[in-house]
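The next block holds one structure in the form of structure tokens; read it before the comments.
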Amino acid sequence: MSWGGATTWVRRLRHAASTPVGRQIASLLFVVAVLASGVLIAQYQKKPPDFGGVYTFPTPTHPEPRDSWVRALDVVMLAAGLGLGAWLILKRRTRNGVMLLSIGTIAYFGFYRKGCICPIGAIQNVTASLVDPRYMISFGVIAFFFLPLVATLLFGRIFCGGLCALGAVQDLVLIKPVKVPEKLDRALRWLPYVYLGLAILFAGWGLHVSLGGWQVNVGRRFVICEWDPFISLFRISGAFHMLVIGGAFIVGGMFVGRPYCRWLCPYGGILAILSRVAWKNVQITPNKEVDCGLCADACPFGAIQTLRADRATCIACARCYETCPFEVERRGGPSAEIQLAKVIRPTVIQP
């Protein structure tokens, strides 16, 4: 291939990568590469030297870091990420910035910290500490539980937008979203509250039922952590059935926008309630609305109601900014009038 031909191919690749679909594919390849690299590193083990049968190698473990500065770093990273997310989503209004924040979240809170600690699982720790005074809860868990709640009261669900590793994985693998029927979507959105109630019940008291000769006695358990579909992927290890469930969510998330976040996440249910009374929230076009409907077509989460971002269900992903004519014009694209002329057709009055 000549130098001119190679240059042409590079230009084509750069142009493809700059499109929304290209960015989604690049993000998916990043996630796949990280997952695959962990498996390959685990498999590539050189044979250890022979020490004469006397020495035995210790079994490696991955305990939670006990140094206070590590826990403090996690809290600082979360607080800084929430501030950065609010600025990117509400001030800069940039989808690319949210995607970069999501990648950083997956890298640090996901693979490096192996999914711990997590505000979603902290629901159980807080419940156990309130029910049982003997259960001690660390400052880091308290901070991780309450910081996203405070941020949501101020700026809406910015934690969901780019700071939750579970949501970020689903968001980055979404390539070809399909619309979920509105009635089905509304019905499934009650499941997080059912899950939240069960998680609080099991974390605080367990389940003890006796009806005649039929008895169920289940002790206190952290069911959210036990059934976290992504923790095994972040740790590249775990029970086979959890790896299958996590893989199913990843594959399903390629076509259905954030299925776990929308229909199962108990912490998301709490944030949805608080987001209704948030001080500020996502507005698709703060200065003027033309009701062109482009934002509703772009949202894969069913969060655009009557051509406005619904305060409860909007997860602040910033996708609607990419299609809003005024946002495209602000970023140096064609004028809003030219874009709208291609979408809004004048009504032809027949004589």
Sort the following peptides by mean Cβ neighbour count (other Cβ atoms within 10 Å, averaged over residues), highest first: 330-337, 310-317, 250-257.
310-317, 250-257, 330-337
Residues 297, 185, sorted so that the one with the fewest Cβ neighbours within 10 Å comes first
297, 185
Cα→Cβ-extended label distance, 7 Å offset, between residue 288 and residue 307, nm:
1.4
When the Karplus curve 6.51 cos²θ - 1.76 cosθ + 1.60 is applied with θ = phi - 60°, which whole-Hz ³J(HN,Hα) does each residue of the stretch 253-258 get, with x for Gly and Pro?
x, 6, 10, 10, x, 6
Just need the relative contact order of the stretch 158-275 here, percent rounded to a whole number, with Cα pairs under 8 Å and 6+ apart.
38
Once phi for every residue in the stretch 101-106 is put through the Karplus expression 6.51 cos²θ - 1.76 cosθ + 1.60 (θ = phi - 60°), the whole-Hz ³J(HN,Hα) values, with Gly and Pro written as x, are 5, 5, 4, x, 5, 4
From phi via Karplus (6.51, -1.76, 1.60), per-residue ³J(HN,Hα) for the stretch 317-329 in Hz, x at Gly/Pro:
7, 6, 5, 5, 5, 5, 10, 5, x, 6, 5, 4, 5
Residues 146, 301, 222, sorted so that the one with the fewest Cβ neighbours within 10 Å comes first
146, 222, 301
For residue 280, the aspartates and glutamates lying under 18 Å Cα to Cα, once residues fewer than eight places off in the same chain are dropped, come out as 289, 310
Could you state the number of Å between the C-alpha centres of the stretch 155-224 and the stretch 230-301?
12
What is the fewest-to-most order of 327, 289 by other Cβ atoms lying within 10 Å of their Cβ?
289, 327
Classify the stretch 71-195 from the C-alpha gyration tensor, please: rounded if a/c falls under 1.5, else prolate or oblate depending on whether a/b exceeds b/c.
oblate
Taking the highest mean first, how do the peptides 200-211, 99-110, 123-134 order by number of other beta carbon atoms within 10 angstrom per residue?
99-110, 123-134, 200-211
Give, as ranges by residue number, the residues of the stretch 258-278 whose backbone N falls under 16 Å from the point 7 Å along Cα→Cβ of residue 149.
266-278
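Coordinate-derived values only; no laboratory data. Since this is a predicted model, take the numbers as computed values, not measurements. Backbone-built Cβ (ideal geometry, glycine too); neighbour counts: all protein chains shown.
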